[in-house]
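J.: Can you read through this structure? Questions will come right after.
The values are calculated or read from the model by the stated rules, or taken from the named source; none is laboratory data. Predicted, not measured: the structure shown is a model, and the values here were computed from it. Glycine gets a Cβ as well: all are built from the backbone with ideal geometry, and neighbour counts include every protein chain shown.
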Amino acid sequence: MRETRSDGDLLRAIAADGDRRAFEELYRRYAPWLLARLRGRCADAGVVDDVVQETFLAVWRGTAKYREEGDVAGWLWRIGSRRLIDALRGDGARGRLRQALTRLRHRDEASAEERVLAGVEHGDLAGALVRLSPELRAVLQATVIDGLTTREAAVLLGIPPGTVKTRAMRARQQLREALA
């Protein structure tokens, strides 16, 4: 029976030796998760597939360096989400229109992350989050959960950076009031 190597062991083997088996194991471990997560942000399956491939190519080529801090999934998410932003930025108005239409089409369907947020059981945080408008929740999700900058969140959501800042401020204010 073959033992399972840790994420750190896999990444060290890829970086040091170009270990193809280690790369394949890392890919099998994280690609489906990254693909599902990015599909929650972009309706264009082709763009998402390309972004996942580019993310793992960066790992293989060594252009993305893991500093052995934190969680590998979070590190891959940061690479993938930034590459998605770059892809959407390159798509321009057409990409923003596609994202807006996707949000309208699926506005009544809660994403997996929204369901997790709603299930948080710290005080009445879950209730306070549910009461936020979808626009305010989307900004919180992009900036707080996904860790994107204001500018990156603006590109991802297809809104101006000033609007991201305003919505983030309103969301924090409403949460403070709801939890006081």
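J.: Residues of region 19-43 being within 15 Å of the chain's Cα centre (by Cα) and not small (G, A, S), which ones? Write out each step before concluding.
T.: Applying the first criterion (within 15 Å of the chain's Cα centre (by Cα)) to region 19-43 yields 30-43.
Result: Y30, P32, W33, L34, L35, R37, L38, R39, R41, C42.
J.: Give just the number: which of (1) loosely packed, with under 14 Cβ neighbours inside 10 Å; (2) part of a helix (DSSP H, G or I) does E3 not satisfy?
T.: In the conditions (1) loosely packed, with under 14 Cβ neighbours inside 10 Å; (2) part of a helix (DSSP H, G or I), E3 misses (2) alone.
J.: Okay, moving on. I need the full set of residues from region 38-81 which are farther than 16 Å from L148 by Cβ, surrounded by 14 or more Cβ atoms within 10 Å (Cβ to Cβ) and hydroxyl-bearing (S, T, Y), in order please.
T.: The answer is Y66, and nothing else.
J.: Give the number of residues within region 108-133 that are closer than 25 Å to R78 by Cβ, exposed (fewer than 13 other Cβ atoms within 10 Å of the Cβ) and modelled with pLDDT of 85 or more.
T.: Looking only at that region, the number is 0.
Results for (1) under 17 Å from L156 (Cβ atoms); (2) of a type in the set (G, A, S); (3) part of a helix (DSSP H, G or I), shown as yes or no for each residue.
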{"position": "A16", "(1), (2), (3)": "no, yes, yes"}
{"position": "A22", "(1), (2), (3)": "no, yes, yes"}
{"position": "R28", "(1), (2), (3)": "no, no, yes"}
{"position": "A31", "(1), (2), (3)": "no, yes, yes"}
{"position": "L34", "(1), (2), (3)": "yes, no, yes"}
{"position": "E54", "(1), (2), (3)": "yes, no, yes"}
{"position": "A64", "(1), (2), (3)": "no, yes, no"}
{"position": "E68", "(1), (2), (3)": "no, no, no"}
{"position": "A73", "(1), (2), (3)": "no, yes, yes"}
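J.: Continuing with the same structure: Among the listed residues D86, D19, which satisfies the condition of being closer than 17 Å to G147 by Cβ, in contact with a helix residue (DSSP H, G or I) (Cβ under 9 Å, 6 or more places away or on another chain), surrounded by 12 or more Cβ atoms within 10 Å (Cβ to Cβ) and free of Cβ contacts under 8 Å to residues at least 24 places away in the same chain? Explain how you work it out, then say what you get.
T.: Numbers: D19 fails: closer than 17 Å to G147 by Cβ.
Residue meeting the stated conditions: D86.
J.: Could you say whether any residue in region 26-34 is of a type in the set (D, E, K, R), more than 25 Å from V139 (Cα to Cα) and free of Cβ contacts under 8 Å to residues at least 40 places away in the same chain? Steps first, please.
T.: Narrowing region 26-34 to residues of a type in the set (D, E, K, R): 28-29.
Within this subset, residues satisfying the condition of being more than 25 Å from V139 (Cα to Cα) are 28-29.
Filter once more, keeping what is free of Cβ contacts under 8 Å to residues at least 40 places away in the same chain: 28-29.
Checked region 26-34: at least one residue is of a type in the set (D, E, K, R), more than 25 Å from V139 (Cα to Cα) and free of Cβ contacts under 8 Å to residues at least 40 places away in the same chain.
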